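Below is one structure; the comments refer to it alone.
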Amino acid sequence: MIFKVFAKDELTRLFEVLSVNRVVGPVQKGLDRKNRPIYSFEVVDNFDDLRLDYPSTLYPAKRYFLPFEETLSSFTLESGSWEKHVDYNVYQPQVMFGMHACDINALNKLDKVLINSVHPTPYYASKRRNMFIIGIECMPQPHCFCRSMGADTVQHGFDMFLTDLGDRYFAEILSSTAYNYLLKIKTMEASETDHQEYRQVVREKSSKFTTHVDTTDLTKILDMEFQADVWKQWGDKCLSCGTCANVCPTCYCYGVQETVDMNLQAATKTKQLYSCNLIDFAEVAGGHNFRPEAHIRLKYRYYHKHRGFVEAFEESLCVGCGRCGESCLANINVPEVIASVRYEE
Amino acid sequence: MVEKIAFVDVLKDKAVDDLLHDLSRFEYTYKAEITNVYPLTQTERLYQIQIKDPDERNRFIFRPGQFVMLELPGIGESPFSISSSPLRRGDIELCIRGVGNLTNFLARLERGAEVGISGPFGTSFPVETMQGQNIMLIAGGLGLVPLRAPILHVLEHRSRYGEVDIIYGAKQPSELLFTYQYEMWRKFDISLNIIVDKADESWQGPVGLITETLKERIVVRNAETLASNTFAIVCGPPVMFKYVCKMLTEAGLPMQKMFVSLERRMHCGRGKCCRCNIGSTYTCLEGPVFDYWTVMNLKEAI
Ligand SMILES: Cc1cc2nc3c(=O)[nH]c(=O)nc-3n(C[C@H](O)[C@H](O)[C@H](O)COP(=O)(O)OP(=O)(O)OC[C@H]3O[C@@H](n4cnc5c(N)ncnc54)[C@H](O)[C@@H]3O)c2cc1C
Ligand code: SF4
Ligand code: SF4
Ligand code: FES
């Protein structure tokens, strides 16, 4: 790996160089009920709009890779015959300017199911491969438990990763594209002092986690506690609203719908992200529902993330970003649910 | 960032790279024609569907137990078990019950209509492994549909299998599927045992639950061959296969020699939408055919 450092104002230059492309980054998007700022990944035209020190965003950057609604194909219909047209909906490369480690880890997890699998999906792959990702180091918030999920640092899946060292950035360079871009601004080789300061920042980050999840033997414990009452207790609170999947950077499930245009000459096949907490997720024609109750659906969500995915890929489908807990009106959150299943409350 | 956008263009070129090939297959649909359609019962119709392009038709190889996604542009896409012989390749038969949006629309189509097919998807019954042994094919209701592909395979390779039992239960005689083929199956030295829940005037066979017929056949085939020399394929509603598999297990048939086909909601058939998950197992990838041992280990399967 190659490390460089550059002065803070050089980042503005880098932004300008990159901004011939579409740049997406964290910006402040208003205030919530308690007057706290809300941050969001938006298209950014002006470097000064970027809030690179953002604590976390309400929504992940998922919609730039997996839009909530996406056209899979369209059809032209003509007297009993049809033609199918497929468009992967990539019109330009995008730059993700300032993603946290958890969100990049989330993409790496999505890659496993969506690209490195039997039927790789081109809609995601084409967007993912046409991204230039700049990661940025962060400080843990009270709801963050990424460290417990092994997602507080990221090894791959980005182009360059920045750590704020006060007056300069420490840059980890992963791709040749990133290297070439850095040739356009003034950088220096990272010195021993830089290394030390970098390690200091990492140490500080590690010491600041307040929320932890014990994942030891979790797959087995989930199996043993499949019938446990705690699921029912959490399920009774759950509103089956699907918000948790909506804000989750690793949730990818969906439904497909086809519609015919008014003039009967064209049709569209659309995919919409869904949530396994919604009531009809596993309902089949004729009305039978394989998961009729809220607690069964909630349990399924945890099983998929913390057991099934672990079984398949030896890692969990949760990066510990804490967004689902922050957004849930019923205050259902991963650390408490897992602790209760482990009987640690 | 010129080197990055190249990806999209390469995709259109159908380049050599496997991943790119697979990516471009994702939303690919074979154009197919409904060459014939006829009612089997009040609610089920048999659709003969032929992939139009002769090369594609010939390259469409499937194994008994696999399914296709049938697409009606503008209406939807749904999974259906292939009910015809694998030897016929892309000239397939689907037996479909009208139950919802797509299936009811389909019932209004006439022969000549153009539909889309993708697949084949999913796991299959291991008919090669079953060679040299006895086979029990047990179906309840619509379960005969996925069973018909292995039945036809066995008929076409009759010398490779030992004793073959088909045990088939339906609610009433009017719901029996593929009645016109029973004579032929019997002529191929297959023991076909049919039982209905409720008889009508025309019905002369046994009346009762499928487990009663199964009990008789278990006695005929005896515990020794069941334990050492028999495979079973069981298709039907969950309550039915649960009882049947339990009986077979008690009769000595090893769990890993019993195969069932499970049904779940599906929106992609490609392991992406998660709608088909049982616990966290994708029915469309790791199923629909599972051995009973696996089913027993799947949380929320039965
Ligand atoms: C592996 C497999 C094989 C099948 N084989 C057959 C068969 O040979 N013959 C047959 O008649 N039926 C079969 N089914 C069931 C068939 O897929 C449903 O009857 C069909 O999807 C209903 O679609 P619809 O649009 O008419 O109903 P709607 O209620 O309008 O359903 C809307 C959508 O929900 C999904 N869906 C609803 N019910 C089911 C279901 N039971 N299974 C899967 N997806 C569902 C589909 O994506 C469907 O397009 C099979 C299902 C599976 C999973
Ligand atoms: S866990 Fe919370 S956010 Fe998720 S569906 Fe239930 S109530 Fe909604
Ligand atoms: S499950 Fe919750 S904590 Fe885990 S990645 Fe999804 S939103 Fe973040
Ligand atoms: S049908 Fe979509 S994942 Fe199985």
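Quick one: A:Ile296 ticks every box in (1) at pLDDT 95 or above; (2) assigned to a helix (DSSP H, G or I); (3) within 12 Å of chain B (Cβ to nearest Cβ) bar one, so which box is it?
Tallying (1) at pLDDT 95 or above; (2) assigned to a helix (DSSP H, G or I); (3) within 12 Å of chain B (Cβ to nearest Cβ), A:Ile296 fails exactly one: (1).
Considering only residues of the stretch A:39-85 that are free of Cβ contacts under 8 Å to residues at least 60 places away in the same chain and within 14 Å of chain B (Cβ to nearest Cβ), which is surrounded by the fewest Cβ atoms within 10 Å (Cβ to Cβ)?
Within the stretch A:39-85, the match that is surrounded by the fewest Cβ atoms within 10 Å (Cβ to Cβ) is A:Ser79.
Please count how many residues of the stretch A:228-269 are of a type outside the set (Phe, Trp, Tyr), away from ligand 1 (no atom under 16 Å from the Cβ), surrounded by 15 or more Cβ atoms within 10 Å (Cβ to Cβ) and outside any strand (DSSP E or B).
Summing the residues that are of a type outside the set (Phe, Trp, Tyr), away from ligand 1 (no atom under 16 Å from the Cβ), surrounded by 15 or more Cβ atoms within 10 Å (Cβ to Cβ) and outside any strand (DSSP E or B) in the stretch A:228-269 gives 17.
Suppose the filter is within 16 Å of ligand 2 (Cβ to nearest atom), without any contact (Cβ under 8 Å) to a residue 60 or more places away in the chain and within 21 Å of A:Cys102 (Cβ to Cβ); does A:Arg291 pass it?
no
Is it the case that the stretch B:221-238 has a residue that's within 16 Å of ligand 3 (Cβ to nearest atom) and either within 13 Å of chain A (Cβ to nearest Cβ) or surrounded by fewer than 24 Cβ atoms within 10 Å (Cβ to Cβ) (or both)?
No, the stretch B:221-238 contains no residue that is within 16 Å of ligand 3 (Cβ to nearest atom) and either within 13 Å of chain A (Cβ to nearest Cβ) or surrounded by fewer than 24 Cβ atoms within 10 Å (Cβ to Cβ) (or both).
Take the conditions surrounded by 14 or more Cβ atoms within 10 Å (Cβ to Cβ) and more than 16 Å from B:Gly269 (Cβ to Cβ) and apply them to B:Pro54. Does it pass?
For B:Pro54, the condition - surrounded by 14 or more Cβ atoms within 10 Å (Cβ to Cβ) and more than 16 Å from B:Gly269 (Cβ to Cβ) - is not met.
Out of everything in the stretch B:100-121 that is within 11 Å of another protein chain (Cβ to nearest Cβ) and small (Gly, Ala, Ser), what residue ends up being nearest to ligand 2 (Cβ to nearest atom)?
Looking at residues that are within 11 Å of another protein chain (Cβ to nearest Cβ) and small (Gly, Ala, Ser), I get B:Gly100.
Hey, could you check the stretch A:272-293 for residues that are outside any loop (DSSP other than H, G, I, E, B) and more than 8 Å from every other protein chain (Cβ to nearest Cβ) and say which is surrounded by the fewest Cβ atoms within 10 Å (Cβ to Cβ)?
Checking each candidate, the answer is A:Gln272.
Within the stretch A:131-176, take every residue that is farther than 21 Å from A:Cys248 by Cβ and under 17 Å from the mean Cα position of the chain (by Cα) and give me the one that is farthest from the other protein chains (Cβ to nearest Cβ).
That would be A:Glu137.
I'm checking my understanding of the structure. Among residues of the stretch B:28-66 that are within 14 Å of another protein chain (Cβ to nearest Cβ) and within 22 Å of B:Cys235 (Cβ to Cβ), which one is modelled with the highest pLDDT?
Within the stretch B:28-66, the match that is modelled with the highest pLDDT is B:Gln66.
A:Tyr88 passes all but one of (1) closer than 17 Å to A:Cys248 by Cα; (2) buried (at least 17 other Cβ atoms within 10 Å of the Cβ); which number fails?
Going through the list (1) closer than 17 Å to A:Cys248 by Cα; (2) buried (at least 17 other Cβ atoms within 10 Å of the Cβ), A:Tyr88 breaks only (1).
I'd like the full set of residues that are assigned to a loop (DSSP other than H, G, I, E, B), facing chain A (nearest Cβ under 10 Å) and more than 11 Å from ligand 1 (Cβ to nearest atom), limited to the stretch B:246-302.
Across the stretch B:246-302, the qualifying residues are B:Arg270, B:Gly271, B:Lys272, B:Cys274, B:Gly279, B:Ser280, B:Lys299, B:Glu300, B:Ala301.
The values are calculated or read from the model by the stated rules, or taken from the named source; none is laboratory data. The model shown is predicted, which means the values in this text are computed figures rather than measured ones. Cβ sites come from the backbone with ideal geometry, for glycine too, and all protein chains shown count toward neighbours.
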